[in-house]
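Enquirer: Submitted below is the structure of interest, expressed as structure tokens.
Derivation of every value follows stated rules applied to the coordinates shown; laboratory data play no part. In this text the structure is predicted, and so the values were computed from the model without any measurement. Cβ: placed from backbone, ideal geometry, glycine included. Neighbour counts: every protein chain shown.
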Amino acid sequence: MKLKDKLIELNINVPNPVAPAGNYVPYKIVNNHIYISGQIPLTKDAIVNPGKQTSGNINASSIITGKVPSEVSLELATKAAEICIINTMSILIDATNNANCEQLSCLSVSGFVNSDIYLTEHPEIINGASDMIYKILGDNGKHTRIAVGCASLPRNAAVEISSIFHLN
């Protein structure tokens, strides 16, 4: 099944890929490895964000922003990680010409949480990303991973996910 069709089957709205916000590319392919630049939880869906909104309007979209857990709940941060992967899928569709899911495998995920200093639930939050990849790719979605907290993220995003995939 094509990746886009799988997302539609799962009732996942497939967004258009977001253009880079700087001097970099959204993905790079080397020896059938697809390196995906960091994705933030940018969505056109109306998600209530208890955190402070970033200034500016990015394609009439919103970003889940703020520190976890003082401004963003663990549940919303986990949803943010899922959204990062949905955004990643839109880039993979573009990078692979909408490859079959069976041809794709996830090798690695790097998850960053904009966290208060006492937060220890980084792995649980990034599980949102890992679970979403597994939901989409099945066993091909099993991957290595890091989940870390940081003092800040671009645009005050609650979560950022970078990933590496392989195209067979």
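Enquirer: As I understand it, the value is the acute angle between the Cα axis of helix 74-96 and the longest principal axis of the Cα atoms of the chain; what does it come to in degrees, rounded to 10?
Expert: In the chain, helix 74-96 runs at an angle near 30 degrees to the longest axis.
Enquirer: For LYS44, which lysines qualify as cross-link partners when the Cα separation must be under 23 Å and same-chain residues fewer than eight apart are set aside?
Expert: List returned: LYS4, LYS6, LYS52, LYS67, LYS79, LYS135.
Enquirer: Which angle between 0 and 90 degrees, to the nearest 10, do you get for helix 122-137 versus the longest principal axis of the chain when only C-alpha atoms count?
Expert: Taking Cα atoms only, the helix is inclined about 30 degrees.
Enquirer: Can you say what percent of the DSSP beta bridges in the chain, counting only those with both residues inside, are antiparallel? Round to 5.
Expert: Around 75 percent antiparallel, to the nearest 5.
Enquirer: Only Cα pairs under 8 Å and at least 6 apart count here; give the relative contact order of the chain as a rounded whole percent.
Expert: Rounded, it is 32 percent for the chain.
Enquirer: What is the sum of charges, Lys and Arg at +1 and Asp and Glu at -1, for the other residues whose Cβ falls under 11 Å from the Cβ of ILE161?
Expert: -1
Enquirer: Taking the Cβ of LEU3 as the center, what net charge do the other residues with Cβ under 12 Å away carry, scoring Lys and Arg +1 and Asp and Glu -1?
Expert: Charge balance in the 12 Å sphere: -1.
Enquirer: Ignoring the sites themselves, what is the longest stretch of the chain with no chymotrypsin sites (Phe, Trp or Tyr not before Pro) in a DSSP loop and at most 11 other beta-carbon atoms within 10 Å?
Expert: Result, exposed sites excluded: 25-117.
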